[in-house]
Amino acid sequence: MSTPKLVYVTKIRTTPAKLWEALTNADFIEQYWFGCRNTSTWKEGDPIESRDPDGTLSWKGTILKSVPESEVIFTFDHLVEEPPSRVTFKIDPLGAGEVQLTVTHDEFQEVSPIRDRVSNGWPSIVEGVKNLLETGAAELKAGCGAK
C-alpha cells in the first residue's frame, strides 16, 4: 500500500532567484517558518537543521538534490521513532514576473503521526513565503513546523 503524500502548489509574484533566496536563507525562513531557522549550505550531501526560536533542534535532514533557483530535495527527520520522510521544493517560472512553488512532502511510513502533524503546518508555511515575497510581511503562527 502506498502512503499519501502532501502536495501544496501556489503561484507567487516574484522571480526564481528571489524565491530561492526565501527558501534557503535562514533570515528569510525565520520570517515565515514559525520563527524557526533552517540552516544548510544547500549543497547535495550536506546537513540541514531547523531550530526553534529558543535554539532547540526541531528537525534535521540531508540535502539530496540542490539546483539553485529550480529545486531542492532533503530528508526530514523529526527526531522521533519514525523514519525520515522527504521534502521537495520545486520552482517553475511562469513568465510575467510569476513563479509556481510546489512543495511535496512524501516517503512517510504507512501510519505516520508526523504526516498528520506537518499537514497542518505546510499550508501556513507556503502562505507565509508567498505573503513575504509579495507584500514584505508574513503572518507567523505559534509553533515550529510539526509541533
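Summary table below
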| quantity | calculated |
| --- | --- |
| Calculated FRET value between A137 and L57, using beta carbons and R₀ = 35 Å, to 0.05 | 0.80 |
| Above-threshold pairs, the threshold being 21 Å between Cα atoms, out of K18/K65; K18/K90; K18/K130; K18/K60; K18/K43 | K18/K60 |
| 3J(HN,Hα) from dihedral phi, the range 73-80, Karplus parametrisation 6.51/-1.76/1.60, rounded to Hz, x for glycine, proline | 10, 8, 6, 10, 10, 8, 6, 10 |
| Estimated inter-spin distance, E71 and Q109, nm [label 7 Å along Cα→Cβ] | 2.8 |
| For Y32, Y8, order by how many other beta-carbon atoms lie within 10 Å, fewest first | Y8, Y32 |
| For R51, R117, order by how many other beta-carbon atoms lie within 10 Å, fewest first | R117, R51 |
| 15 Å beta-carbon shell around S112, net charge (K/R +1, D/E -1) | -3 |
| Local electrostatic count at T10 - Lys and Arg +1, Asp and Glu -1, tallied over other residues with Cβ under 9 Å | +1 |
| Net lengthening on full extension, E127/E82 (0.36 nm per residue, minus Cα-Cα) | 13.5 nm |
| Long-range amide H partners of R37 with built H, under 5 Å | R51 |
| Distant-in-sequence amide H partners of I48 (H built 1.01 Å from N, under 5 Å) | G61, T62, I63 |
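Quick note: the coordinates plus some simple rules give every number you see, no bench work behind them. What you see is a predicted model, and the numbers here were worked out from it, not measured in a lab. Note that each Cβ is placed from the backbone with ideal geometry, even for glycine, and that neighbours are counted across all protein chains shown.
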